[in-house]
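K.L.:
If you scroll down you'll find the structure; I have some questions about it.
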Amino acid sequence: MAVNPIVSSVDPITFEILSHRVYQIAKEMGSTLERVGGTVNTTQMHDYMASLYLANGDVLSAGDAMGWHVACAGFAVKRIIERFENDGGINPDDIFLLNDPYVAAIHQSDVYMISPIHFNAKLMGWSATFVHVMDIGAMSPGGNSPGATEISHEGVRIPGIKLIERERMRRDVFDAITNMTRQPVHALFEQFGPELVTAVSREMLNYSESILRKRIAEIPDGTWSETGSIHAGDTWNVHVTLNKRGERLLFDFTGSSPQAKKGINLPYHATFGACYEAILSTMAYDLPKNHGALNPIEVIAPPGTVVNSIPPAPVSLNTTSGGSTAKFVANAVITQMLATSEKWRGEVMALNVGHRLARHAGVNQHGNYYVSTLSEGALDGTGARSYRDGDDTGDGLSSHNIEWLEANFPLLYLFRRNIKGGGGAGKYRGGAGSESALTVHDAPEGKIKGVALGVAGLRNSGQGLFGGYPGAPSLLMLTEGARVEETIAEDMSPDQLDDLGGRSSLLPYCEFDLGRNDVLYMRMASGGGYGDPLEREPQRVLRDVEDGVVSRQEVRDIYGVAIDGDEPALNLGATEKLRAGLRKERLQEKI
Amino acid sequence: MRHPLRENIEISDASGTDTICCRRCGFQYCRADQDWREFCKSRLLPSHNAGDLMSLLDGQYLLRQLYCPSCAALVDTDFVEKQQQDTGGT
Ligand SMILES: [Zn+2]
């Protein structure tokens, strides 16, 4: 925060110190959650959220968290206030639990824990966290149910209860969660007094809002639209038009498909949260993440559509379908908007629509029933930017450690590596992306159950930007009856799928069995490219060849670069001719 | 009014009216209130032209590219459904 607060009732130094302290508390809430978490989603994937809210539920400070959950937990706080204020009361030691997607959550597996913060018996604010809970009584293990046609199939729905202590509750974990939230805030109130903390809190919101509004106002007015599609048996579209007038942004999802009888639907607050997250990551990434960054946004989503579903529409698959697609289209229209600003055009980047992942469940090598996640999706290649290549692997979340996974679950990885020829071509190349394969190993029942998730549809991967090529599509593939054990017995590494034989089929959203000598192959989205590949510096193409992430054929046919010899060497003269020839070819076709 | 629209395309008022132009060669696509895409050279290619791993999309999607008609700068690349293109044309 280099700029002084614009509306100043607090001196700038006090503002800097206290606003950073508030942010630090929210961040530490997240780290504590990670340390006491019991699932791979929390401990290794960063699939959680921890944030602070004002007494009325407005976002005060998001830690390092997914923006859409920050917004949705704010809705959850407001619903808790409405429900309990005059009925049951909101007391200093309460903790509320809420996971109802038709109240404020996104899908039932994402459970919000919400706690009021009192100082001298007065309600001063709220802390909220969410983690993805692995079993909530849904049809499929892991909480995402491809077979669900209405929300009642997708597990328990809690519109807001006070969490009471039960025999089965672990007091140590419970205490850890409660301690991490309230005590540091109490210390803040004690040291600086509630009046000053409240004034700084308001100022933090003003600060973010005023700077964001100024940034929006500097961009030329206009209208931009984008459509994304979800393939899950049928096809559903998520369509958005962004209208920018002055310092306001209106996201209008009119034109999106009617809600589905499949769990891809988003409740309104999740669609709103997707737009908020898009703003946070593009135009407000350097501002304090709070309600101020939410105020300039308006979101219209017609009821009864995939972006504002009404009960009993199911929702359990939505984070990886409707959610990914809503985030993609929201980001895409902001990207188009930013590209029209001389000041902002350098910030744009090619976007991924989403990726695939899988849950797995069964009896592990230690004899215990388990449900967990294969978080390969975090190994997507990212999109290229206007000034540099995408990252070959890297996403908002993080992935599990393979050794840890194999020690805890009856699985054996055959390989995990970057993809050759995956990254979308362009002046700047999309990230290569990753591919992994695994089989069961030491499974007492000889097999485990899997659930394949993620934005299905081959076209849905890294999208190219401004001429850049799309990245290779993510896919999940099951090969049954492969020669895995035989290959290992021969002391060979089973790292080439083509050599293993067997019967392969692509997995849409579905449940599947993984048995001995079956291979689950997971190819994660490669990033989209940026700009014209014929404008890519030949030296960069040479380095891609040396790194093994592009094929010689792509180098010649798409990049128009001549590289000679087994020891790759650039031929600049031949490159110039090749590129002139490719440009001529482009213009020979009729319009 | 003069501002970029995307890589290689900008809006310029150099000719007296707001015009969408190529940033590389100055080619004037159209007026600012028209759809510049309709004034590009376009090609429909098999999906695998985007790389071997895209061959899965062959038959289902086509690779559509738009170029500046004057300097051949590539300004847009996308996959479009093959069926729509077969019946509707481009
Ligand atoms: Zn041109």
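The values are calculated or read from the model by the stated rules, or taken from the named source; none is laboratory data. Quick caveat: nothing in here was measured; it's all calculated off a predicted structure. A quick note on method: Cβ atoms are made from the backbone with ideal geometry, for glycine too, and the neighbour counts reach across all protein chains shown. For accessibility, only protein heavy atoms count, side chains too; no ligands or nucleic acids. Shrake-Rupley method; radii C 1.70, N 1.55, O 1.52, S 1.80 Å.
K.L.:
Report in % the part of the accessible area of chain A that belongs to carbon and sulfur, leaving out ligands and nucleic acids; probe 1.4 Å. Each step should come with its number before you reach the end.
P.N.:
Details: 11100 of 22520 Å².
Whole-percent figure for carbon plus sulfur exposure: 49.
K.L.:
Which loop-located trypsin sites (Lys or Arg not before Pro) does the range A:350-414 contain, where loop means any DSSP state but H, G, I, E or B and the Cβ has at most 15 other Cβ atoms within 10 Å? Kindly include the intermediate steps, with their values, before the conclusion.
P.N.:
Numbers: sites: A:R356, A:R359, A:R385, A:R388; in loops: A:R388.
When the trypsin sites (Lys or Arg not before Pro) of the range A:350-414 are filtered for loop state and at most 15 Cβ neighbours within 10 Å, A:R388 remain.
K.L.:
Out of the range A:561-591, which GluC sites (Glu not before Pro) are coil in DSSP terms and have no more than 16 other C-beta atoms within 10 Å?
P.N.:
Numbers: sites: A:E576, A:E585, A:E589; in loops: A:E589.
Here the sparse-neighbourhood loop sites are A:E589.
K.L.:
First select every other residue whose beta carbon is under 13 angstrom from the beta carbon of A:V238; then total the charges, Lys and Arg +1, Asp and Glu -1.
P.N.:
Details: positive: A:K327; negative: A:E226, A:D252.
My count for the surroundings of A:V238 gives -1.
K.L.:
Here's a follow-up. Can you give the calculated 222 nm mean residue ellipticity of chain A, where each DSSP H run of n ≥ 4 adds -39,500 (n - 2.57) and the sum is split over every residue, rounded to the nearest 500 deg cm²/dmol?
P.N.:
Values: 12 runs with 172 residues, N = 591.
One gets -9500 deg cm²/dmol as the mean residue ellipticity at 222 nm.
K.L.:
Counting alpha carbon pairs within less than 8 Å and at least 6 residues apart, what relative contact order, in whole percent, applies to the range A:28-126?
P.N.:
Values: 153 pairs, mean separation 21.8, N = 99.
Contact order relative to length: 22 percent.
K.L.:
A further question on this structure: Once you order the gyration tensor axes a ≥ b ≥ c over the Cα atoms, which shape class does the range A:438-550 get: rounded for a/c under 1.5, otherwise prolate or oblate by comparing a/b with b/c?
P.N.:
On the way: a/c = 3.79, a/b = 1.75, b/c = 2.17.
Verdict is oblate for the range A:438-550.
K.L.:
What is the sum of charges around A:G142, taking Lys and Arg as +1, Asp and Glu as -1, for the other residues whose C-beta is under 9 Å from the C-beta of A:G142?
P.N.:
Details: positive: A:R359; negative: A:D135.
Here the charged neighbours net out to 0.
K.L.:
Please compute the average number of Cβ atoms from other chains found within 10 Å of each residue's Cβ in peptide B:52-58.
P.N.:
Average per residue, whole number: 6.
K.L.:
Another question about this same structure. Using only the alpha-carbon atoms, what does chain B span along each of its principal axes? Please give whole angstrom values in decreasing order.
P.N.:
Cα spread of chain B along its principal axes, largest to smallest: 47, 26, 19 Å.
K.L.:
Rg and Dmax of the range A:349-538, Cα atoms, in Å?
P.N.:
Reported Rg and Dmax, both Å: 17.4, 57.
K.L.:
While we're on this one: Would you mind working out the magnitude of the charge dipole of the range A:12-210 relative to its Cα centre, with +1 at each Lys and Arg C-beta and -1 at each Asp and Glu C-beta, to the nearest 20 Debye?
P.N.:
Dipole about the Cα centre, nearest 20: 180 debye.
K.L.:
Counting only protein heavy atoms and rolling a 1.4 Å probe, how much accessible area do B and A lose on contact, total for both sides, in Å² to 100? Walk me through the numbers on the way to the answer.
P.N.:
Details: alone 5870 and 24110 Å², together 26740 Å².
Buried: approximately 3200 Å² between A and B.
K.L.:
Determine, from the Cβ-Cβ distance of A:D87 and A:D442 and an R0 of 41 Å, the FRET efficiency 1/(1 + (r/R0)^6), rounded to the nearest 0.05. Write down the numbers at each step before the final one.
P.N.:
Values: r = 53 Å, r/R0 = 1.29.
In this case the efficiency is close to 0.20.
K.L.:
Can you pick out the pairs among A:K27/A:K122; A:K78/A:K162; A:K262/B:K82; A:K78/A:K262; A:K27/A:K289; A:K27/A:K78 whose Cα atoms lie more than 18 Å from each other?
P.N.:
On the way: A:K27/A:K122 24 Å; A:K78/A:K162 15 Å; A:K262/B:K82 26 Å; A:K78/A:K262 29 Å; A:K27/A:K289 12 Å; A:K27/A:K78 22 Å.
From the list (A:K27/A:K122; A:K78/A:K162; A:K262/B:K82; A:K78/A:K262; A:K27/A:K289; A:K27/A:K78), the Cα-Cα distance tops 18 Å for A:K27/A:K122; A:K262/B:K82; A:K78/A:K262; A:K27/A:K78.
K.L.:
Also, I was wondering about something else. Considering only DSSP beta bridges whose two residues both sit in the protein assembly as shown, what percent are antiparallel, to the nearest 5? Walk me through the numbers before you get to the answer.
P.N.:
Values: 109 of 114 bridges.
Here the antiparallel bridges make up roughly 95 percent for the protein assembly as shown.
K.L.:
Over the whole of A:338-350, what's the average partner chain Cβ count within 10 Å per residue? Rounded to a whole number, please.
P.N.:
Values: counts 1, 6, 6, 2, 4, 1, 1, 6, 0, 0, 2, 0, 0.
For this peptide, the per-residue mean of nearby foreign Cβ atoms is 2.
K.L.:
Grab the DSSP H runs of chain B that are 4 residues or longer, score each as -39,500 (n - 2.57), total them, divide by all residues and round the 222 nm result to the nearest 500 deg cm²/dmol.
P.N.:
Values: 1 runs with 7 residues, N = 90.
After summing the helix terms and dividing by residue count, I get -2000 deg cm²/dmol.
K.L.:
How many nm is it between the label spots at A:S152 and A:E567, if each spot is 7 Å from the Cα in line with the beta carbon?
P.N.:
Result for the modelled spin labels: 7.3 nm.
K.L.:
Please sort by residue number the chymotrypsin sites (Phe, Trp or Tyr not before Pro) in the range A:209-317 whose DSSP state is loop and whose Cβ has at most 12 other Cβ atoms within 10 Å. Provide the component values of the computation, followed by the final result.
P.N.:
Details: sites: A:W224, A:W236, A:F251, A:F253, A:Y268, A:F272, A:Y276, A:Y285; in loops: A:F253, A:Y285.
Counting only loop positions with at most 12 other Cβ atoms within 10 Å, the chymotrypsin sites (Phe, Trp or Tyr not before Pro) in the range A:209-317 are A:Y285.
K.L.:
Report the one residue of A:P470, A:S526, A:V550 whose Cα lies farthest in the direction of the positive end of the charge dipole of the range A:457-567 (charges on C-beta: Lys and Arg +1, Asp and Glu -1; origin at the Cα centre).
P.N.:
It is A:P470, whose Cα lies furthest towards the positive end.
K.L.:
What ratio of Cα Rg to 2.2 N^0.38 Å holds for the protein assembly as shown? Let's see the in-between values first.
P.N.:
Values: Rg = 26.0 Å, N = 681, 2.2 N^0.38 = 26.2 Å.
That ratio works out to 0.99.
K.L.:
Between A:Q24 and A:D221, how high is the FRET efficiency from 1/(1 + (r/R0)^6) when r is the Cβ-Cβ distance and R₀ = 56 Å? Nearest 0.05.
P.N.:
According to the calculation, E is roughly 0.90.
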